[in-house]
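The values are calculated or read from the model by the stated rules, or taken from the named source; none is laboratory data. Only a predicted model underlies this, so the values are computations on that prediction, with no experimental measurement involved. In this analysis, Cβ positions are derived from the backbone assuming ideal geometry, glycine residues included, and neighbour counts consider all displayed protein chains. The area values use the complete protein model at the heavy-atom level, side chains included, leaving out ligands, DNA and RNA. Shrake-Rupley method; radii C 1.70, N 1.55, O 1.52, S 1.80 Å.
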Amino acid sequence: MAVDRALETKYRIAETAMALFLEQGYESVTVEAVADASQVSRRTVFRHFGGKDELAFPDHSARLELLSRKLVPPSGGRTPVDVVIAATEAVLLDFLSRPELVLRRYRLTRLVPELRRREVLEHERYVAMTRAYLRDHLPADSPPFLPMAMAALIDAMHRSALGNFARSDGSADAFAELKDGMEWIHRMLAADPATGSSFVLAVLPDTAAVRQSLTALRAEAQDLL
């Protein structure tokens, strides 16, 4: 019960902080103002958050723990990639359990470069964890680039689904999009090399120009997707 109360306090502080940041501007809002508006002490704020730039991310540490718990040794015919895919799906469902937090944070990180950088660093922690897992569990004769490539590709599918959900103001079906992406990965891995088909894996910045180019490529390669 005490743990639940502490967690709810943490989320209440975060939601209050993000509302203030959006209303008054990130630079104008102090930790003291967040504490006052949340009806807690400054000490309580710092008990839950290491600094002002963490206030928009009350969920990431718990979600990393969730990811860690889901990255179990492969069994029952599952491959290491299957395990990472299942773990990533669990992470997305956890994100979507608090949709208003996702949407508010999306608006905020587009306005505050410091928080946008922090968000990128948080995502890199996910990639580092899945990359390490794949490095430890993929067959020993796998290409050395494969752990990085697969971790980055799976994370890109996850970020795309979550980003489209946020850009649509919550109307897009993020989980269905992620499932489609993961099915594409499975088809890619199952492709028969004898057919002569080849794929190019790339990690690209999420910009308007890149999205426009990828839309054109998707139209050209529709029969492969």
Margin query: Below 21 Å, Cα to Cα, which lysines can Lys70 reach? Residues fewer than 8 away in the same chain don't count.
Written below: Lys179
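Over region 1-160, average the accessible area per residue using a 1.4 Å probe and give it in Å², no decimals. Could the numbers behind the result be given before it?
On the way: 8190 Å² over 160 residues.
Here the per-residue accessible area is 51 Å².
Can you give the Rg to Rh ratio of region 83-130, both from alpha-carbon atoms, with Rh computed by the Kirkwood formula?
Result: Rg/Rh = 1.03.
About the Cα centre of region 1-120, what is the dipole size in debye to 20, counting +1 per Lys and Arg Cβ and -1 per Asp and Glu Cβ, all else neutral? Working shown, then result.
Details: 19 positive and 17 negative charges, 31 e Å.
With Lys and Arg at +1 and Asp and Glu at -1, about 140 debye.
With a sphere of radius 14 Å drawn around the Cβ of Ala176, what net charge do the other residues whose Cβ falls strictly inside it have (Lys, Arg +1; Asp, Glu -1)? Intermediate values should be presented prior to the final figure.
On the way: positive: Lys179; negative: Glu89, Asp173, Glu177, Asp180, Glu183.
Once positives and negatives cancel, what remains is -4.
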Notebook entry, point to check: What is the diffusion coefficient of the chain in µm²/s, taking the Kirkwood radius over Cα pairs and the Stokes-Einstein relation at 4 °C with a viscosity of 1.567 mPa s?
Noted result: 67 µm²/s
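Relative contact order for region 105-183 using alpha-carbon pairs under 8 Å, separation at least 6, rounded to a whole percent? Don't jump to the answer; show the numbers that get you there.
On the way: 37 pairs, mean separation 16.8, N = 79.
Computed over region 105-183, the figure is 21 percent.
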Next item on the list: Bin width 10 Å, alpha-carbon pairs only: give the P(r) of region 10-87 as whole percents, running from 0 to the bin holding the largest distance.
Entry: 18, 37, 17, 17, 11, 1
Check: What is the spin-label model distance, in nm, from Ser168 to Arg107 if the labels are put 7 Å beyond Cα along the C-beta direction?
Finding: 1.9 nm
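At a threshold of 8 angstrom on Cα-Cα distance, excluding pairs fewer than six apart, so keeping six or more, what relative contact order does region 45-170 reach in percent?
Details: 75 pairs, mean separation 35.3, N = 126.
In percent, rounded to a whole number, it is 28.
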Checklist line | Gaussian network model of the chain, Cα within-10 Å springs - most flexible of Val120, Val45, Val83 | finding: Val120
Note to self: How much length would be gained if the chain were fully extended between Ala140 and Glu27, taking 0.36 nm per residue of separation minus their Cα-Cα distance, in nm to one decimal?
What the structure shows: 35.7 nm
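Mind putting a number on the dipole of region 68-195 about its Cα centre? Charges go on the C-beta only, +1 for Lys and Arg and -1 for Asp and Glu, and I need it in Debye to the nearest 20.
Numbers: 18 positive and 17 negative charges, 110 e Å.
Dipole magnitude for region 68-195 comes out near 520 debye.
Using a Förster distance of 41 angstrom, determine the FRET efficiency expected from the C-beta separation of Glu8 and Ala190, and round it to 0.05. Walk me through the numbers on the way to the answer.
On the way: r = 45 Å, r/R0 = 1.09.
So the FRET efficiency works out to roughly 0.40.
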Item checked: Accessible carbon and sulfur surface of the chain relative to its total accessible area, %, 1.4 Å -> 55 percent
